[in-house]
Amino acid sequence: MEIKPYYRKLNYYETDQMQVVHHSNYPRIMEECRLDMMEQIGVSYDRLEELGIIIPVLEIHCYYRQSLKYNDEILVVPSLVKLTPVRFTVTYKFLDAKTGELKHTAESSHCFVNRDFKPMNLKKSFPEIYQAFETLKDET
């Protein structure tokens, strides 16, 4: 299965007075992309929450190369670069949808916890979901 990039057209409300996307919106776009990636492998966040699996953010790193602006159309290409039974890391490439030019890169790290926010070994607790993440790592 090939993971499709996440398409997004940037909205005016996401920009500052200069019509440049405000830095606080990048993590939101990253989350949208990550959830889309998970849905593509059949692991929706709704399903995870029903099972008592929560995926908090541990770290976010953003590398601003060029400003994204109002009305820009972008493709965000996610890659699962690290996976353990307790944690995972995703990288993101923000590309101009028309030219393919690299505009921004980012990375986010997450862990698997239960409803009490106690770390969870996903491989032991939910092996089928861990397997889906493993196939994602192989695909991206």
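The values are calculated or read from the model by the stated rules, or taken from the named source; none is laboratory data. In this text, all values refer to a predicted model and were calculated from it rather than measured experimentally. Every residue, glycine as well, gets a Cβ built from its backbone with ideal geometry; the counts of neighbours run over all protein chains shown.
In a residue-by-residue description of the stretch 61-80, the property of being free of Cβ contacts under 8 Å to residues at least 12 places away in the same chain and of a type in the set (Ser, Thr, Tyr) applies to no position. Which of the residues belonging to the stretch 91-140 are within 30 Å of residue 67 (Cα to Cα) and among the basic types (Lys, Arg)? Hits for the stretch 91-140 are 93, 98, 103, 137. Taken as a whole, the stretch 127-134 holds no residue that is over 17 Å from the mean Cα position of the chain (by Cα), farther than 20 Å from residue 11 by Cα and part of a loop (DSSP other than H, G, I, E, B). In the stretch 12-30, what residues are under 16 Å from residue 90 (Cα atoms) and in contact (Cβ under 8 Å) with a residue 40 or more places away in the chain? Of everything in the stretch 12-30, those that are under 16 Å from residue 90 (Cα atoms) and in contact (Cβ under 8 Å) with a residue 40 or more places away in the chain turn out to be 26, 27, 29, 30.
Got a number for residues in the stretch 89-139 being polar (S, T, N, Q) and at pLDDT below 95? Counting residues in the stretch 89-139 that are polar (S, T, N, Q) and at pLDDT below 95 gives 1. Of all residues in the stretch 93-115, exactly one satisfies the criterion of being part of a strand (DSSP E or B) and either exposed (fewer than 15 other Cβ atoms within 10 Å of the Cβ) or at positive phi (or both), namely 102.
Residue 130 meets all of the listed conditions (1) surrounded by 12 or more Cβ atoms within 10 Å (Cβ to Cβ); (2) closer than 30 Å to residue 16 by Cα; (3) of a type in the set (Ser, Thr, Tyr) but one, namely (2). With respect to the stated conditions, residue 12 is of a type in the set (Phe, Trp, Tyr), over 26 Å from residue 130 (Cα atoms) and surrounded by fewer than 14 Cβ atoms within 10 Å (Cβ to Cβ).
Per-residue answers, yes or no, for (1) within 26 Å of residue 131 (Cα to Cα); (2) crowded, with 17+ Cβ neighbours inside 10 Å; (3) in contact with a Phe, Trp or Tyr (Cβ under 8 Å, 6 or more places away or on another chain); (4) modelled with pLDDT under 95:
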{"position": "16", "(1), (2), (3), (4)": "no, no, no, yes"}
{"position": "51", "(1), (2), (3), (4)": "yes, no, yes, no"}
{"position": "62", "(1), (2), (3), (4)": "no, no, yes, no"}
{"position": "84", "(1), (2), (3), (4)": "yes, no, no, no"}
{"position": "87", "(1), (2), (3), (4)": "yes, no, yes, no"}
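The set of residues in the stretch 13-32 that are within 24 Å of residue 109 (Cβ to Cβ) and assigned to a loop (DSSP other than H, G, I, E, B) contains only 22.
I'm checking my understanding of the structure. Among residues of the stretch 37-46 that are more than 8 Å from the chain's Cα centre (by Cα) and buried (at least 16 other Cβ atoms within 10 Å of the Cβ), which one is farthest from residue 6 (Cα to Cα)? Per the criteria, the residue is 43. Scanning the stretch 18-36 for residues that are surrounded by 16 or more Cβ atoms within 10 Å (Cβ to Cβ) and among the small types (Gly, Ala, Ser) yields a total of 0. Scanning the stretch 51-76 for residues that are part of a strand (DSSP E or B) and closer than 15 Å to residue 98 by Cβ yields 69, 73, 74, 75, 76.
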